[in-house]
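> My structure is below; once you've seen it, I'll send some questions.
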Amino acid sequence: MISYLIRRLLYSVPIALGVSLMIFMLVHLAPGDPISAIAPADAPPDVVERLRVDYGYDKPLPIQFGLWLGRAVTGDLGNSVASGQPVAAEVMSAVGNTILLSLCAAVFGFTLGAVLGFVAGYKQGRAMDKIATAIAVAGISVPHYWLGMVLVIVFSVQLNALPAVGMGPGGSNDWAWDWLHMRHLILPAITLAVIPIGIVMRTTRSAVAEILNQEFVQALRAKGLSERHVLGHVIRNVAPTVLAVMGLQLGYLLGGSILIETVFSWPGTGFLLNTAIFRRDIPMLQGTILVLALFFVFLNVVVDLIQTAVDPRIKRA
Amino acid sequence: MAETTLPGLVPDVPIASRGYWSSVFRRLSGDWTTILCLVVLLIIILSAVFAPWIAPADPYKTSVIRRLKDIGTPGFPLGTDELGRDMLSRLIHGGRLSLVMGITPVINALIIGSFLGIVAGFVGGKINMVIMRTVDVFYAFPSVLLAIAISGALGAGLVNSIVSLTIVFIPPITRVAESVTTSVRNLDFVEAARASGAGGFTIIRVHVLGNVLGPVFVFATGLISVSIILASGLSFLGLGVRPPEPEWGLMLNTLRQSIYVNPWVCALPGVMIFITSICFNLMSDGLRSAMDVRA
Amino acid sequence: MESKAQPLLLVKDLKKYFPILGGVLNRKVATVQAVDEVSFEVAKGETLGVVGESGCGKSTTARLLMRLIEPDEGAVIFDGEGVGEQHGLSVRDMRRNMQMVFQDSYASLNPRLTIEESIAFGPKVHGVSGKVARERARALLAKVGLDPNLFVRRYPHELSGGQRQRVNIARALALEPRLVIFDEAVSALDKSVEAQVLNLLNDLKREMNLTYIFISHDLNVVQYISDRVLVMYLGKVVETGTVEAIYGDPRHPYTRALLASMPSMDPGNRTTAPALTGDPPNPINPPSGCRFRTRCAFAEEICASTEPRLEMIHPAERHAAACHMEIAGSGHSKAMATSPPKAPPQPQHMGVVA
């Protein structure tokens, strides 16, 4: 287990490096001189030249990457072109809001997905199964940014029951666990929760169906175990698969929240990305994506480790 | 089935054995959900192709006086948008860009990804390692994030969003193609083909492609649904096509400001994305079960 | 079967070690000695049976012969020509002369190809025109007892296991090979079907002048079909000889144990004690000296220190065994001494077999 842990961590180092390299290359994907993305459009030539030297753009690419990586590791993600503020600080405050939203959506979506999947797996072929399957397909196929709009139309425009934008009264960005703030969380969290419902439901359903078809379950029933105890055995066997999928879905929620945050003007990373794209603020774009992607890499490691720990069949030396 | 050494005594009825694809087709023809989805998709695709002849009005013609009319307004069956353009015509025309932006990346990725995956799976060794580790790096991004990152750096535009979505879908297709190829490669019939003295290229052509392309193709059809949502999502963020082009995601974006005026008209482009995406999804499921030989 | 002057196949010191990867950096941490210095020969027209427990290297040997895996060391000489050697037989030409039938009849047929296409594939690869290859496929189907008119257009999943294995045999014969290797080819079939396929194999061999290498863990089947038998244990040949010699006068304790574990039809021959206990040792770290010594009732010091060579016991029967008890002067208490025995007679061991 320890050896596996070390190997898994070592394995994620080249991945993280590759991720950083890709994000570094984004600047060079951008059309035109990379410096034009950093310097204001009306900057005099000598300022542009100084910036070029400051940022190391006069050096060969591998050295540029090394310098950039060195700065990124020490927490310096550069300065925002638009605001002039350090990117790292802005990203960090936004990441908190995104994680808050994603976690709430995860709790809601995972619970609903798992329950639906369990019921569907138990009642295979019956009406409940068909309904749950239909919900799953709809959840996978729905453009979630549109679903957000529809929810706003119903609950904010028509019923005037919940706020449509922001994360607090009066557009405040300070979160508090009171009703005034939580009202703002409801619609975006529900919308975001739809993303994982379908996948979690399908995974749970097929895992439950597979376990129920195994002979040991028949043996448990045959020896007179109550259905409640049989259920316990099923849950224990289904858990590792479902947990692994949930872990990965949490990562996708972080990515998927970008569009939802735009719909609801939620001040998270997605909102930050959106503004960065509009202002062609490349350092901000790079910084935000780097933080999110590295978080996703980290999450993958954690999921693998949890699965190894929970599932006795996986023995990794 | 009974065994016999005498040909004349073979007991089973000489059924005219069906080819693989005809048996797939036979199974599909009994699956009503899939057929319904195919019909709906066909209608959407055909009306997009023949949009100029079908659409009742000019999708670009604006009018200040008839902005945001309700659904069912005479002359404008689905109402008008924020610039007074006919919604029905714009939805029909919008299918052109939305479908192109959604389907093209998957086709591109299918070609590139299957090639990479089959090479990686069949050759193995160092080449496999290089290809698959690179794929792993791309996998470290949630797909939405990757699409937005590349599109954000490249800038808005039809070609740019197709490029970025192609890059998003190459890794998953490569992974599936690689794993199917690896499992096929280890089957005895490939060993038997090698034992017949066949070269690598012949084995790939005769024995690997036929068994790999099917599953990869089915997987790719499932991605079209995701691709359509993502493509329209990019437009929704302003990273796809530019106004005034009709495109479902972009229409959602511009209509978003008007939800307080005429909410249901504003939601219409999303309905189109939803219907298209769900039909591709269900069709992919139907195809998957129909193509399962042993079922 | 009489041995001809030149064997059809001569295998010398064939060796294959598989690396085991592990540890933090996925380095090679151990090797499995799958096939270790295996030598044997197959005469023209004979059937050589290869027996042994699972994991003893039977199948690896077959794959090494077909060059589906590259051997680490050793030479394979087919009809006087070294396979894969500079002035010898190319691997491609070897494969035209040597074919193999695999155990899993389903996995060894491409599910997307018709029976006809599968059989015709080999000849086409070797430059036979499509029409001729298809005709050959039909003729072979008839030969293996499947009506060509009923079967050519069928797919593998429409056939029973026995029918599929007949197709696999036809496919192997399509290249008109001189030697066919059967790797557990009848093991997965029902007993009645197995008997029919075995008879078919005997008929085909006579008609087409074939030579067989027949790998199986089923001792009855090997006794029925073979002229000569090779017994393998943990990647080594432990005993070889004619069927009569091996089944009538087994010398190696392992062979004796294997034969004792054969179910007997005679109630008077009933055995209660298991002939062999325990699993074979791990091939990653095989025992020193004789690899069988950990399960052998006669094991002595010499067995742990020195590896027994294959010693000819009865040249007429081509009977040889790798056991210190058969090597004169080996130092084993039960071996014949070349010089007068110095040690006092030891108390007799009870045999492995009760």
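> State whether segment B:8-160 is rounded, prolate or oblate according to the following rule on the C-alpha gyration tensor (a ≥ b ≥ c being the square roots of its eigenvalues): a/c under 1.5 gives rounded; otherwise a/b larger than b/c gives prolate, and the remaining case gives oblate.
oblate
> State the antiparallel share, in %, of DSSP beta bridges confined to segment C:93-247, rounding to the nearest 5.
The antiparallel fraction comes to roughly 40 percent.
> Then there is this: Using a simple spin-label model with points 7 Å from Cα along the Cα→Cβ vector, what separation in nm is obtained for B:Ile112 and A:Leu67?
Taking the simple label geometry, B:Ile112 and A:Leu67 are separated by 3.0 nm.
> Determine the alpha carbon to alpha carbon distance for each of C:Lys44/C:Lys124; C:Lys16/C:Lys44; C:Lys12/C:Lys58; C:Lys16/C:Lys334 and list only those over 21 Å.
Correct reply: C:Lys44/C:Lys124; C:Lys16/C:Lys44; C:Lys16/C:Lys334.
> If you project the alpha carbons of segment A:87-316 onto the principal axes, what extent comes out on each, in Å, largest first?
The Cα atoms of segment A:87-316 stretch 65, 47, 31 Å along their principal axes.
> Label C:Ala328 and B:Val261 with points 7 Å out from Cα along Cα→Cβ: what is the distance between them in nm?
11.3 nm
> Return the average number of partner chain Cβ atoms within 10 angstrom of each residue Cβ along peptide A:251-261.
Mean shielding by partner chains, rounded to a whole number: 4.
> Could you tell me the center-to-center distance, by alpha carbons, between segment B:198-241 and segment C:198-244 in angstrom?
The two parts, judged by their Cα centres, are 49 Å apart.
> Moving to a separate point now. Rounded to the nearest 20 Debye, what is the dipole magnitude of the protein assembly as shown about its Cα centre when Lys and Arg each give +1 and Asp and Glu each give -1 at the C-beta?
940 debye
> Points 7 angstrom from Cα along the Cβ direction at C:Glu244 and A:Lys123: gap in nanometres?
7.6 nm
> What are the ³J(HN,Hα) couplings of segment A:159-164, residue after residue, when phi is run through the Karplus curve with 6.51, -1.76, 1.60 and θ = phi - 60°? Round to Hz, x for glycine and proline.
8, 6, 9, 10, x, 8
> Show which aspartates and glutamates lie in cross-link reach of A:Lys59 when reach means a straight Cα distance below 12 angstrom and same-chain residues fewer than eight apart are skipped.
none
> Dipole size in debye (nearest 20) for segment A:87-316 around its Cα centre, Lys and Arg Cβ +1, Asp and Glu Cβ -1?
780 debye
> Here's something else I'd like to know. Using the Karplus equation 6.51 cos²θ - 1.76 cosθ + 1.60 (θ = phi - 60°), what ³J(HN,Hα) coupling, rounded to whole Hz, does each residue of segment C:47-55 give in order, writing x for Gly and Pro?
My calculation for segment C:47-55 gives 10, 9, x, 10, 10, x, 5, 5, x Hz in order.
> Would you grab the residues whose amide H sits under 5 Å from the one on C:Leu9? Only those 5+ places off in sequence or on another chain, please, with H modelled 1.01 Å from N.
Those lying under 5 Å, H to H, from C:Leu9 are C:Val42, C:Asp79.
> Among DSSP bridges having both ends in the protein assembly as shown, what percentage is antiparallel? Round to the nearest 5.
Within the protein assembly as shown, antiparallel bridges account for around 65 percent of the total.
> In a shell of Cβ-Cβ distance under 10 Å around B:Val135, excluding B:Val135 itself, what net charge do Lys and Arg (+1) and Asp and Glu (-1) give?
That sum, taken over residues with Cβ under 10 Å, equals 0.
> Over 27 Å between C-alpha atoms is what I'm after, so list which of C:Lys28/C:Lys236; B:Lys126/C:Lys28; C:Lys191/C:Lys236 land there.
C:Lys191/C:Lys236
> A:Trp177 to B:Val100: FRET efficiency via 1/(1 + (r/R0)^6), r the Cβ-Cβ distance, R0 35 Å, to the nearest 0.05?
0.15
> While we're looking at this one, here's another question. PRE reach from B:Arg26 (point 7 Å along Cα→Cβ): which of segment C:135-156 fall under 18 Å by backbone N?
C:150-156
> What is the set of long-range amide H partners of C:Leu230 at a cut-off below 5 Å, with H atoms built 1.01 Å from backbone N?
Here the answer is C:Gly49, C:Val50, C:Val51, since their amide H atoms fall under 5 Å of that of C:Leu230.
> In addition: What's the average, rounded to a whole number, of partner chain beta-carbon atoms within 10 Å of each residue's beta-carbon in B:257-265?
What the average comes to for B:257-265 is 3.
> Is it possible to state the helix-based mean residue ellipticity at 222 nm for chain A, with each DSSP H run of 4+ residues giving -39500 (n - 2.57), the sum divided by total residues, to the nearest 500 deg cm²/dmol? What is it?
-25500 deg cm²/dmol
> A follow-up question, please. In segment A:202-258, which trypsin sites (Lys or Arg not before Pro) fall in coil by DSSP and have 16 or fewer other Cβ atoms within 10 Å?
Passing both the DSSP loop test and the Cβ count: A:Lys223.
> If you don't mind, another one. Just to be sure I understand: with springs between alpha-carbon atoms less than 10 Å apart, which residue in B:Phe76, B:Phe25, B:Phe236 has the highest mean-square fluctuation in the Gaussian network model of chain B?
Highest fluctuation of the listed residues: B:Phe25.
> Scan around C:Leu89 for amide H atoms under 5 Å from its own, H built in the peptide plane at 1.01 Å from N, and keep only partners 5 or more places away or cross-chain.
Amide H neighbours of C:Leu89, under 5 Å, 5+ apart: C:Gly82, C:Val83, C:Gly84.
> Other chains' Cβ within 10 Å of A:148-154 residues: what's the mean?
Mean inter-chain Cβ contacts per residue within 10 Å come to 5.
> Taking θ = phi - 60°, what integer Hz values does the Karplus form 6.51 cos²θ - 1.76 cosθ + 1.60 yield along segment C:91-104, in sequence order, with x for Gly and Pro?
After applying 6.51 cos²θ - 1.76 cosθ + 1.60, I find 4, 4, 5, 4, 5, 6, 8, 10, 10, 9, 10, 8, 5, 7 Hz.
> Once whole DSSP H runs in chain A are found, which of them have Cα atoms spread over 24 Å or more along the helix axis and a mean Kyte-Doolittle score of at least 0.0?
What comes out of the filter, once short or polar helices are dropped, is A:2-29, A:87-122, A:179-212, A:227-264, A:282-310.
> If the label point is 7 Å along Cα→Cβ of A:Arg8, which residues in segment A:293-307 have backbone nitrogen under 14 Å from it?
What the label zone holds, given the 14 Å backbone N cut-off, is A:297-307.
> Going through the DSSP H helices of chain B, which span 18 Å or more along their own axis at the Cα atoms while scoring at least -1.0 as a mean Kyte-Doolittle hydropathy?
Going by DSSP H runs, the hits are B:32-49, B:87-123, B:125-139, B:158-185, B:209-236, B:263-290.
Values quoted throughout were computed directly from the atomic coordinates according to the rules given, and no laboratory measurement underlies them. Just so you know, these numbers come straight off a predicted model, no measurement behind them. Quick reminder, even Gly has a Cβ in these numbers, built from the backbone with ideal geometry, and neighbours come from all protein chains shown.
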